[in-house]
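Worksheet: one structure, shown below.
Each value in this text was obtained by applying a stated rule to the coordinates, not by laboratory testing. Remember, it's a predicted structure, so these values are computed and weren't measured experimentally. We place every Cβ from the backbone using ideal geometry, glycine too, and count neighbours over all the protein chains shown.
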Amino acid sequence: MVTSTATRARPPWEDAQFIGGHPVLDLTNTVFNRAHPVEDNELLRTPSDVFTWCASAGLFEDAPPAAEAGADDLVREVRAVREQAWAVFNAVARGETVPPEPLGALLERAGAGVRGGRVPPVDATLGHLTAGRAAPGSVPATLALLAVHALFTLPSDRIRACGRCGWLFLDSSRGGRRRWCSMSTCGNREKASRHRRAERAAG
């Protein structure tokens, strides 16, 4: 499976949007803010957004297409996989029982994709998984399989939810005490908020 944190973000995506430490966690973060949704919270708006995200995450081996047969339902289906994966991994991050409905949906989609040939052949080591672009449904099925694999292979005690925006990430810090998706964004914003609260309290 794809497990590398190295990405080459393609427009409109930026490197700062790939902080999860695993493609599935990055997928769950394709909304602007999880904890406090804003009016324009959705980042996966068009098939092109999905294709360029997949390319940035390493799920395509070459340049993403401008359009593809069967793309009409692609955004809806990838969003569905994203929300199912978020429900699963957000529960893990909070030390809660994994909800059976979204996990079951991921298992069903992944299984149907494998049986229907929509998921490219997986090697014996599960070392790398790419999404095929010719078969409709390949991308969501591949993402679902990737999510199932991640649930059973990622260290559950290192999956975190950002204390400010709710984005998910794999805490690879030595002490395992990372609290923010990024110190340059949510970490600094939280520091600024604390500073303002302290000033108001002192005043």
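The figures follow:
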quantity	calculated
Additional length obtainable on full extension of the chain from Arg115 to Asp40, 0.36 nm per residue less Cα span	23.3 nm
Spin-label pair Asp123/Ala91, simplified geometry with 7 Å Cα→Cβ offset, distance in nm	3.3
Net +/- balance of residues flanking Arg76 in space, Cβ distance below 12 Å, scoring K and R +1, D and E -1	-2
